[in-house]
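Throughout, read-outs are computed from the coordinates displayed, never taken from laboratory work. Fair warning: this is a prediction, and the values are worked out from it, not measured in the lab. Counting neighbours? That spans all protein chains shown, and the Cβs are built from the backbone with ideal geometry, glycine included.
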């Protein structure tokens, strides 16, 4: 008799019990979960990037240019799975699902301020205002990955 992988309907109502209980994780399913996480984190990062671009100060030509640069991206196992904007590279180190939002110079100086200029935060408020919607973006990423 050929064996088959259990489906989620086979496991409804079952819970591991005792010391001998095992959890079986299938590599394909785990990779799909990781991809879904990366896609969800990317969707959140893209929204934060759009929001931060709109919030960025545009008082000078350099500030207007800064608001149009950078990008948002997501990586899994060191490979890019999604990205928008000119500031996304094709590879990074690391195996975990990773997402980022970036802006070019002088974004860090504008965001945090200097000894001669007060801080004009735009990325931090954008991140905090969108962070509460992270579960919805991750759930959508998992759906896209087939989970």
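Once you keep just the Cα pairs under 8 angstrom separated by 6 or more residues, what percentage relative contact order results for the range 25-144? Intermediate results must be reported in sequence, preceding the final value.
Working: 216 pairs, mean separation 42.2, N = 120.
Computed value for the range 25-144: 35 percent relative contact order.
Which FRET efficiency value, to the nearest 0.05, do you get for residue 114 and residue 147 by plugging their Cβ-Cβ distance into 1/(1 + (r/R0)^6) with R0 = 35 Å? Please list the in-between numbers first.
Details: r = 45 Å, r/R0 = 1.29.
That pair, residue 114 with residue 147, gives E of 0.20.
Whole-Å semi-axes of the range 25-144's equivalent ellipsoid, largest first, each the root of 5 times a Cα gyration tensor eigenvalue? Walk me through the intermediate numbers first.
On the way: eigenvalues 184, 42, 24 Å².
Over the Cα atoms of the range 25-144, the semi-axes work out to 30, 14, 11 Å.
Give me 122, 105 sorted ascending by neighbouring Cβ count inside 10 Å, so fewest comes first. Write out the running numbers ahead of the final one.
Details: 122 22, 105 11.
Fewest-to-most Cβ neighbours within 10 Å comes out as 105, 122.
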